[in-house]
1. From the list Thr352, Thr308, exactly one residue is modelled with pLDDT of 95 or more, buried (at least 16 other Cβ atoms within 10 Å of the Cβ), polar (S, T, N, Q) and within 30 Å of Leu83 (Cβ to Cβ). Which is it?
2. Gly89 is checked against (1) modelled with pLDDT of 95 or more; (2) under 24 Å from the mean Cα position of the chain (by Cα) and fails just one. What number does that condition carry?
3. Consider region 85-119. How many of its residues are of a type in the set (Phe, Trp, Tyr) and either outside any strand (DSSP E or B) or in contact with a helix residue (DSSP H, G or I) (Cβ under 9 Å, 6 or more places away or on another chain) (or both)?
4. Would you check which residues across region 120-141 are part of a strand (DSSP E or B), open to solvent by 10 Å² or more (accessible area, probe 1.4 Å) and either touching a residue at least 60 places away in the same chain (Cβ under 8 Å) or of a type in the set (D, E, K, R) (or both) and list them?
5. Which residue, of Ala19, Ala31, Ala70, Ala51, is open to solvent by 30 Å² or more (accessible area, probe 1.4 Å) and of a type in the set (A, V, I, L, M)?
6. Taking region 302-340, which residues are part of a loop (DSSP other than H, G, I, E, B), of a type outside the set (S, T, N, Q) and within 19 Å of Glu200 (Cβ to Cβ)?
7. What tally of residues in region 146-184 results from selecting those that are surrounded by 15 or more Cβ atoms within 10 Å (Cβ to Cβ), of a type in the set (D, E, K, R) and in contact with a helix residue (DSSP H, G or I) (Cβ under 8 Å, 6 or more places away or on another chain)?
8. Ile144: under 17 Å from Ser17 (Cβ atoms) and either of a type in the set (A, V, I, L, M) or in a loop (DSSP other than H, G, I, E, B) (or both), yes or no?
Amino acid sequence: MTDLDTWSRCFAEFTASFAHRFPRVESRRQATSYLRGLLSELERKNGWTLAEMCGEQGPERLQRLLNFYAWDTDGLRDDVRTLVVEALGDPHDGVLILDDTGFLKKGTKSAGVARQYSGTAGRIENCQLGVFLAYAAPQRRALIDRELYLPKAWTQDRDRCRAAGIGDEVAFATKNELGLVMLQRAVQAQIPFGWVTADEAYGQVSRLRMWMEQHGIHHVVAVPKSQTVVAMDLRMPRAHQVIAGLPGLAWERLSCGDGAHGPRVYDWARAEIRPWREPGKGHWLLARRSLTDPADIAYYICFAAEHTTLAELVRVAASRWAVEECFQAAKNETGLDHYQVGGYRAWYRHITLSMAALAFLARLRQAVQKGGQNTPWVCVWSP
């Protein structure tokens, strides 16, 4: 059997696991074609290029898949999460990561588009913002949930919303609220994980941190230097003031994994905070200091078992970079940002199918790393 034959068998078994989300044969076939296109080596994976690769004369049938066919988009999202967890699940070292990414767009009609800050571009751009939840295990990661952020300018204009296919029941929600919804879904699905991490846009929101504490979820989340904390003497200093008061011996030089240019080495320190705490639990303010610029310090609020080591907190803090790798892989390999749709439902459908394609690659690579043991399908990636 050739590599291509083996890849095709692997792919068929993968798509069969969620075929029931597509009740009609036509939608099932088009979804399979769409996924094959997203996994192909096409440079741009838009409606026309995908249609040409699938042997179609135009993009109409694939566009019907995104806009009109009846199929369970959220059900597929849940299946993607299950497939990722089956391959990567780690109840101790698994980390859930909250982050958002921008999708540059022209015009004003695409759902949620507005001039807003995009971390992808590093500036204010006309774009859509998607909030994502990633699952990271050591050396492996994939996206497992998504929500489209709708600015108030959209949710306060119901006519504009209806024109983009946004129902009247969809209200304004901050990116943090969307992130909390996704965390709640993950907890309700009982997926195995040990930690949550996020950048300061999410970490500085006390409601999110309190919810995680109430549910016993250990976390290391970034906060700004101006974040106030409850010190052990019950004062409420800012994060940078607490860290500035630490002695030199409190700092420890640790690597937090390999980057594009080798090991990422920083000086790290932590200080205990929050004297009132649940028995057996600890609260810390963690700091990461650059070796080349000692004034460049990042801050994190941490909640975990009281005997958690500094090295473990550093590992979790560093795992946030995995979501950036997910975005890069999904945009480069599975067409996450290549869509040419403007409707609300079509956005969710394309993004979910792209996440499914990324999950296929994650499972494939995991199977290859394990050498095929206890894996129903193993093949060399050869699209």
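The values are calculated or read from the model by the stated rules, or taken from the named source; none is laboratory data. Only a predicted model underlies this, so the values are computations on that prediction, with no experimental measurement involved. Cβ sites come from the backbone with ideal geometry, for glycine too, and all protein chains shown count toward neighbours. Side chains included, ligands, DNA and RNA excluded: accessible areas come from the protein's heavy atoms. Shrake-Rupley method; radii C 1.70, N 1.55, O 1.52, S 1.80 Å.
1. Of the residues listed, the single one that is modelled with pLDDT of 95 or more, buried (at least 16 other Cβ atoms within 10 Å of the Cβ), polar (S, T, N, Q) and within 30 Å of Leu83 (Cβ to Cβ) is Thr352.
2. Condition not satisfied by Gly89: (1).
3. The total comes to 1.
4. Once the filter is applied, which keeps residues that are part of a strand (DSSP E or B), open to solvent by 10 Å² or more (accessible area, probe 1.4 Å) and either touching a residue at least 60 places away in the same chain (Cβ under 8 Å) or of a type in the set (D, E, K, R) (or both), region 120-141 yields Arg123, Glu125, Arg140, Arg141.
5. Ala70 is the lone residue from the list that is open to solvent by 30 Å² or more (accessible area, probe 1.4 Å) and of a type in the set (A, V, I, L, M).
6. Arg320 - this is the single residue of region 302-340 that is part of a loop (DSSP other than H, G, I, E, B), of a type outside the set (S, T, N, Q) and within 19 Å of Glu200 (Cβ to Cβ).
7. 4
8. yes
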